[in-house]
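The values are calculated or read from the model by the stated rules, or taken from the named source; none is laboratory data. Not measured: the values here are computed from a predicted model. Cβ atoms come from the backbone with ideal geometry, glycine included; neighbour counts cover every protein chain shown. These accessible areas exclude ligands, DNA and RNA; they are computed on the full protein's heavy atoms, side chains included. Shrake-Rupley method; radii C 1.70, N 1.55, O 1.52, S 1.80 Å.
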Amino acid sequence: MSSQRSGRVVLALFLLAAALGLGGAGYLLAGRPPTFHGTTYDEVTPAPPFALVDHTGRRVTLDDYRGKVVLLFFGFTHCPDVCPLTLSKLARVTEGLGRRAGDVQVLLATVDPARDTPAVLAEYVKRFTPRAAGLTGDSASLARAYKGYGVYSMQGGHHGMTHSSVVYGIDRRGRLVVVIPPEAGDEAVRDDVRALLSL
């Protein structure tokens with residue numbers, strides 16, 4: 001192959017990568033799936049469904065967020081540390097994506113429904129990012145969501161609740177792909193979100 005023709009092939013591949021964006025073409029051309037810093041599943045399966053109420057009072061299911069990468073976190077508004085730190089980090093990460101920020105939905109599902117009414121959740125999530133929504137529901141609906149994601153929560157501690165604190169990364173097709181630990185830094189989380197966007 002001549003150098004001129006080889007150059008045209010390289011240019012065509014570059015333009016394809018640019019069109020697909022966010023490294024997705026890079027994974028395709030390299031013939032390998034994206035890698036994650038968080039814990040991935042041996043088999044990627046549909047994320048457990050939920051039927052809850054968002055902070056505007058609207059009934060929502062996971063399907064309502066199809067087409068976006070979902071970062072699902074279980075916590076509560078009176079949490080003194082891990083919840084605000086996690087939401088602040090997710091806000092920084094999503095805003096750092098530039099034009100792709102609109103392709104990401106942050107969800108805080110409460111483990112303290114007695115105090116976290118839709119109005120309280122609305123006031124809380126807006127402190128962090130307009131891309132976050134607060135979720136609550138009746139005890140049965142929340143219990144199904146907790147069971148589906150293996151979430152634990154219990155009464156106790158200075159502010160009344162102890163709970164699991166990972167972030168569940170769900171791709172745009174509604175598949176549960178990665179679990180992001182609370183100690184993950186901004187760069188690691190941003191890498192994982194970009195990898196989710198590439199799927």
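Annotations
- Charge context of PHE128, other residues only, Cβ under 13 angstrom, K/R +1, D/E -1: +3
- Added length on full extension, which subtracts the Cα-Cα distance from 0.36 nm per residue, ASP64 to THR35: 7.8 nm
- Its alpha carbons considered, region 72-158 gives a radius of gyration followed by a Dmax of 13.2, 41 Å.
- Extension gain, LYS126-ARG99: 0.36 nm per intervening residue step, less the Cα-Cα distance, totals 7.7 nm.
- Residue-normalised accessible area of region 46-199, given per residue in Å² at a 1.4 Å probe: 44 Å²
- Accessible-area composition of region 24-120, carbon plus sulfur, in percent [1.4 Å probe]: 54 percent
- Close amide H partners of LEU107, meaning residues 5 or more places away or on another chain with modelled amide H under 5 Å apart, are LEU71, LEU72, PHE73, ALA133.
- Residues within the reach of a label modelled at THR56 (point 7 angstrom out along Cα to beta-carbon, backbone nitrogen below 15 Å), restricted to region 131-155, are 131-136.
- Note on region 71-132: with charges restricted to the Cβ of Lys and Arg (+1) and Asp and Glu (-1), its dipole about the Cα centre is near 280 debye.
- Using the average count of surrounding beta-carbon atoms within 10 Å as a protection proxy, the listed peptides 78-89, 137-148 rank, highest first, as 78-89, 137-148.
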